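This report refers to the structure that appears directly beneath it.
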């Protein structure tokens, strides 16, 4: 079940990855192969198996509402590609 | 202006986002308060979205959400789970928001509003839990360069979303719904409920359809409303805007519009390049929540008395009017204040005391609080002080007029009413000779009014009583003055 070039571009955009036309063609075939591979899961009979969102038999892993000190501001901003004062600086966000 | 015969039905649904009053964030132990904090100081690798971190659910936030659901008559299913809602925007540090998609903590429900004497139940679709985003500050530098700044403190603060059914047919109903919802959240002490500060936010879906039509019209989502007043204005504007387009034969495109408060209009927000593609999937880092019935009952047992129950109790227990009760139960703090004042009176006098206390709280106190822009919990006058003041008035120590002056001083200074009364010589004159002397003086100086009364003009007595009250600087008992005047005027023609 091959992906269309448009679907490849859509996914690239969601992932914030820029692709050339050549790359679209290349990933179109590669991604289609991966999807086909996973398609084999459809063959498993799940008729009487309740759906599950988790593979571990755990639930209610929670913490009490106790605040703890945060990390130092300089550490927080250490990886900022751009910084202005004590803020992260990013490109203008257009609504 | 175009007018047509077509009548439209307005349909409004509201989505409310309420920040929960937890001490720590939703999935990490950073402090949840951020309003007075400097930027990026309540931040850790988890709320920064660093790779390899593990979120852990704040139990209190879950309980607050369940409590809200119970107060809104929702179902609380046995199982709930969190999901990732993916979208790329710089206020989301991880590139996704942890939210609840198909298994929220609470489903269904309703709340009851009262409008123009009519009660209506408005449906609730669901109540779920998610995390707030970072705060973006948009900057335009003097050189014209535009960019945005990010403060991550708000990121990860617990955010509860209450989705309402499209059940409302007017902006007035929408406002009543919001006021009621906020009142409930404040009673539960789960949200500060302040729209201006952004801890209680509201988006609205508005559509119109010809009266009697069963299909819904195109839905417009209205955002950016930062006060109750702006919600009301924005909805009125949006309804009129859509009506005008439909009357002129136009069509309403489905879109998102932002309310521009200072211009009083909604404007189209640039539609996104492509439709949202949130790609929800179960949050693999968070095991599901199982709300066993024992836990649910424990949460229910911890819930405070809600406005509806309190209202019914106040009506029957204190014999007050609907109007008085609706004002008293506006906030739990005000209701508690009232009850504390009434409880100080002996049991046999409680009903009478309740009426007096309600009058003071809904009258003088409300006026002064309003003028000083504070709430009841900040007032210097205590329930005990109020109770003592009413005692002084009831036992005849001070007159009603004096009581108001004393109340004013108590409000300003927090002093004890007895001290104020004694210190200022305000004790009511009940000694009849002192009043008699004042009555004599007034009758001498106002012979015309005295004659009018004797001539059958009963109204004149009011003027004379007023003059005696003036003579005694308000300290005389008006009833006593009245009787004494009448006595004098009849036996001394």
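The values are calculated or read from the model by the stated rules, or taken from the named source; none is laboratory data. These numbers were taken from a predicted model, which means no experiment stands behind them. Cβ placement follows ideal geometry from the backbone for every residue including glycine, while neighbour counts extend to all protein chains displayed.
Quick look at the numbers
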quantity: Residue pairs meeting the criteria (Cβ under 7 Å; at least 6 apart or on separate chains; first at the interface with another protein chain (Cβ under 9 Å from one of its Cβ atoms) and within 23 Å of residue A:10 (Cβ to Cβ), in the stretch B:274-299; second part of a strand (DSSP E or B) and at pLDDT 95 or above); calculated: B:281/B:83; B:281/B:84; B:282/B:83
quantity: Among (1) modelled with pLDDT of 95 or more; (2) part of a loop (DSSP other than H, G, I, E, B) - the single one residue B:187 does not satisfy; calculated: (2)
quantity: Residues within the stretch B:449-471 that are buried (at least 19 other Cβ atoms within 10 Å of the Cβ) and either outside any helix (DSSP H, G or I) or touching a residue at least 40 places away in the same chain (Cβ under 8 Å) (or both), tallied; calculated: 1
quantity: Residue list for the stretch B:369-389, filter: in a helix (DSSP H, G or I), under 28 Å from the mean Cα position of the chain (by Cα) and free of Cβ contacts under 8 Å to residues at least 40 places away in the same chain; calculated: B:369, B:370, B:371, B:372, B:378, B:385
quantity: Selection within the stretch B:6-43 - surrounded by fewer than 18 Cβ atoms within 10 Å (Cβ to Cβ) and more than 30 Å from residue B:236 (Cβ to Cβ); calculated: B:23, B:33, B:35, B:36, B:37, B:38
quantity: Residue ranges of strands (runs of 3 or more DSSP E) in the stretch B:31-136 with at least 3 members more than 10 Å from chain A (Cβ to nearest Cβ); calculated: B:96-99, B:110-115, B:118-131
quantity: Breaking point among (1) more than 30 Å from residue B:56 (Cα to Cα); (2) at the interface with chain B (Cβ under 9 Å from one of its Cβ atoms); (3) modelled with pLDDT of 90 or more, for residue A:21; calculated: (2)
quantity: Verdict on residue B:159 being modelled with pLDDT of 95 or more, within 10 Å of the chain's Cα centre (by Cα) and away from every other protein chain (no Cβ under 14 Å); calculated: no
quantity: Top-ranked residue in the stretch A:8-18 [being in a loop (DSSP other than H, G, I, E, B) and under 20 Å from residue B:278 (Cβ atoms); ranked as modelled with the highest pLDDT]; calculated: A:17
